Amino acid sequence: MEVRTAASPRDVKHYTTDRLREEFLIQNLFQADKINLVYSHIDRIITGAAVPVQEKLALTAGDELRAEYFLQRREMGLINIGGDGIVTVDGRVYEVNARDGMYIGRGSKDITFESKDASCPAKFYLNSAPAHVAYPTVHIKLEGEPEEGVVIVKDENKVEMGTLEDSNHRVINKYIVTGQVDSCQLAMGMTKLLPGSVWNTMPAHTHDRRMEVYLYFDMEDDAFVMHYMGEPQETRHIIMHNEEAVISPSWSIHSGCGSRAYTFIWGMCGENQDYGDMDNIENKDLR
């Protein structure tokens, strides 16, 4: 587990390109038969990935958490961006297929990851935050019929926004949000840009009451996203490629423009779980 400290906006505006990438960009998350984790001091979020190919992978706490097991004091959300897989939580087996998600509650001890087909392995993207209540573990699907332990994303949480004319036509799928899946502070979802659109989160916003991490994926090798960050009057950018994540402090905008359409997962934690709690910024006020 890599540990990263928080950064002040007063300092960030003086960072070089290399320093900016070192502090906020997360690369090489998805490695075969490994679980890679990055612990940020910003709201104590952990961002990670598990890619089981030939082996079943077990999630452990490591020395960094000073815990008996990973979710002793935490909750976790995940979305599978790869092939069909299996997640086992304290002996209960969940078939977490492509684009399925999960919320795993505090107190879950034994968590393992498997792929159904080694030639098309699952790629489990993980976000974890501190938790003070144990909420039920649930399997989250975009389509299907609800049943015990399975939540289907509500129609109201599949939101089409933007227009092709503004280059930001997209569908926002909210997986872990208030009123659909209970959590202590974690919110998580997936946004897909439609063909011909390249801008996300524009007009831009900040939210002082929570931080956010983006994972960009569904990109060709020669494609990229210009991810914009920083204070609204002190913007900076990080060039990002497929399956790379970026940490966004609460004081920072988080917006991107790609060389072509892409998909990204957003994960948030902090003071307020209200998805609409944003401080919007007009385009004319950006610098």
Heavy-atom accessible area order for Tyr228, Tyr39, largest first, 1.4 Å probe: Tyr228, Tyr39
Theoretical ellipticity at 222 nm over the chain - DSSP helices of four or more residues, -39500 (n - 2.57) apiece, nearest 500: -1000 deg cm²/dmol
Distance histogram in 10 Å bins (all Cα pairs of segment 144-270, percent per bin): 13, 41, 34, 11, 1
Cα-based radius of gyration of segment 71-143 once divided by 2.2 N^0.38 Å, which approximates compact folds: 1.06
Volume in Å³ per residue [convex hull over Cα atoms, computed for segment 211-287]: 96 Å³
Shape parameters for segment 23-77, alpha-carbon atoms, Rg then Dmax in Å: 11.9, 34
Per residue value of the accessible surface for the chain (all protein chains in place, 1.4 Å probe), Å²: 45 Å²
Long-range HN-HN contacts of Ala204 with modeled amide H, under 5 Å: Ile281
Ranked packing of 151-162, 185-196, most packed first, by mean Cβ within 10 Å: 185-196, 151-162
Largest to smallest principal axis extent of the C-alpha atoms in the chain, angstrom: 53, 40, 37
Test item: Cα-centred dipole of the chain, Lys/Arg +1 and Asp/Glu -1 on Cβ, debye: 440 debye
Segment 1-151, Rg to Rh (Cα coordinates; Rh as Kirkwood inverse mean 1/r): 1.00
Highest-first arrangement of 109-115, 213-219, where packing means the average Cβ count within 10 Å: 213-219, 109-115
Share of pairwise Cα separations in segment 110-199, more than 16 Å, in percent: 66 percent
Accessible surface of the chain, 1.4 Å probe, proportion on carbon and sulfur as whole %: 44 percent
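The values are calculated or read from the model by the stated rules, or taken from the named source; none is laboratory data. Here the structure is a predicted model, which means the values were calculated and not measured. As a convention, Cβ positions derive from the backbone with ideal geometry for all residues, glycine included, and neighbour counts pool all protein chains shown. Accessible surface is based on the protein model in full, side chains and every heavy atom, while ligands, DNA and RNA are left aside. Shrake-Rupley method; radii C 1.70, N 1.55, O 1.52, S 1.80 Å.
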